[in-house]
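Down below is the structure, laid out as structure tokens.
The values are calculated or read from the model by the stated rules, or taken from the named source; none is laboratory data. The shown structure was predicted, so the numbers you read here are calculated from the model rather than taken from an experiment. Note: ideal-geometry Cβ built from the backbone for every residue, glycine included; neighbour counts use all protein chains shown. For the accessible areas, the whole protein counts, side chains as well, though only heavy atoms, and no ligand, DNA or RNA atoms are used. Shrake-Rupley method; radii C 1.70, N 1.55, O 1.52, S 1.80 Å.
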Number of protein chains: 2
Amino acid sequence: MRQDHRLSRMLHVLIHLDRHRKHATSDEIAAMLRTNPVVVRRTLGGLRKAGLVTSEKGHGGGWRLARGLADISLRDIYAALGEPPLFAIGNAQDDPDCLVEKAVNSAIDDTLGEAQALMLDRFATVTLADIAADFDRRLLDYPAEAQRFGHVHIEE
Amino acid sequence: MRQDHRLSRMLHVLIHLDRHRKHATSDEIAAMLRTNPVVVRRTLGGLRKAGLVTSEKGHGGGWRLARGLADISLRDIYAALGEPPLFAIGNAQDDPDCLVEKAVNSAIDDTLGEAQALMLDRFATVTLADIAADFDRRLLDYPAEAQRFGHVHIEE
DNA sequence: ATTTTATGTAACTTATGAAGTTTCATAACC
DNA sequence: GGTTATGAAACTTCATAAGTTACATAAAAT
């Protein structure tokens, strides 16, 4: 199963959008994420609908944060992405007639349900400001890396 | 993302193998799971390598439990399947140079790590006997379903 | 011994959905 | 009007569990 990298990418973009420039075009963000600008528009489009970012057309346009990092939790972003599946495993049949399979589904659902609750709870607790603060700490620990971000660096 | 149903299917098969017959061929199991016998051999083959089931060729051959249900945890089966990925989400890059992305990965890894620990712990705790006991309870609650399993029912 | 029944395995195809791409419409600024 | 940007539709690619085909191998029945 191929993994969904959208949450990870969105966190990455939004923090750069706060820390390193106030707005960026889809082309610039795509270069940073090593992907395609259409993919950026598609994914950030979901975040715009959720009110996390704004976009502007034409000269000087691009993407901009709509709130401060402290006001955006990972849960907000996950929701903005349409709450994609968290797990790579699942039940073979959703509503089986077989009582054995019902018991199996119940056992698996118990575990997945607990894990999902834990994950959503953590997502709700962690804000982009928390992650940005961790970034700041890493910057202090490795000041030589201050100007190197390992990818095409978008500058104001 | 397409989900991995192997764990669910294996639980289903192994409990039937204890409760409703002592051995079954790949064809019979495939009919029960509504799949292909080669898929059954492939998947049960992993469980055989892990010592959970045995197989015999030729007349009267097929698959058989190697241990009692109480001695097989979901963790054992998950391990026998090669510990496939649990999560449908993940980091965009595994070892990024960008410090922002390192912080992002760390945040996501924290949550996924906790959830994985919870899931593996639960899997280690739950045995097939526990699920079979739940099946027995369901059978008492709905005695009319005693002889109906919702799929091609393999008989001794 | 031959036939039948079964697993073992390699090689290939299919299905699914994120990701990537092409193309063009639309809007804002110069 | 030209340039630069997003918006969106339509399509292709990629990864991998699942499914399929084909055949080798082994055990039991005859």
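What the table shows:
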read-out	value
Search result, residues across the range B:113-131 that are surrounded by fewer than 22 Cβ atoms within 10 Å (Cβ to Cβ) and either closer than 15 Å to residue A:117 by Cα or of a type in the set (Gly, Ala, Ser) (or both)	B:113, B:114, B:116, B:117, B:118, B:122, B:124, B:129
Within the range B:1-17, tally of residues that are within 23 Å of residue B:57 (Cβ to Cβ) and open to solvent by less than 40 Å² (accessible area, probe 1.4 Å)	5
Candidate set: the range B:20-42, residues that are more than 10 Å from DNA strand C (Cβ to nearest atom) and buried (at least 17 other Cβ atoms within 10 Å of the Cβ); chosen: the one nearest to residue A:108 (Cα to Cα)	B:33
Qualifying residues in the range B:82-112 (those that are within 24 Å of residue B:5 (Cβ to Cβ) and surrounded by 18 or more Cβ atoms within 10 Å (Cβ to Cβ)) - the one farthest from the other protein chains (Cβ to nearest Cβ)	B:112
Checklist (1) facing chain B (nearest Cβ under 8 Å); (2) modelled with pLDDT of 85 or more applied to residue A:148, failing item	(2)
Matching residues, the range B:61-81, being touching a residue at least 24 places away in the same chain (Cβ under 8 Å) and away from chain A (no Cβ under 12 Å)	B:61, B:62, B:63, B:64, B:65, B:68, B:70, B:71, B:72, B:76, B:79, B:80
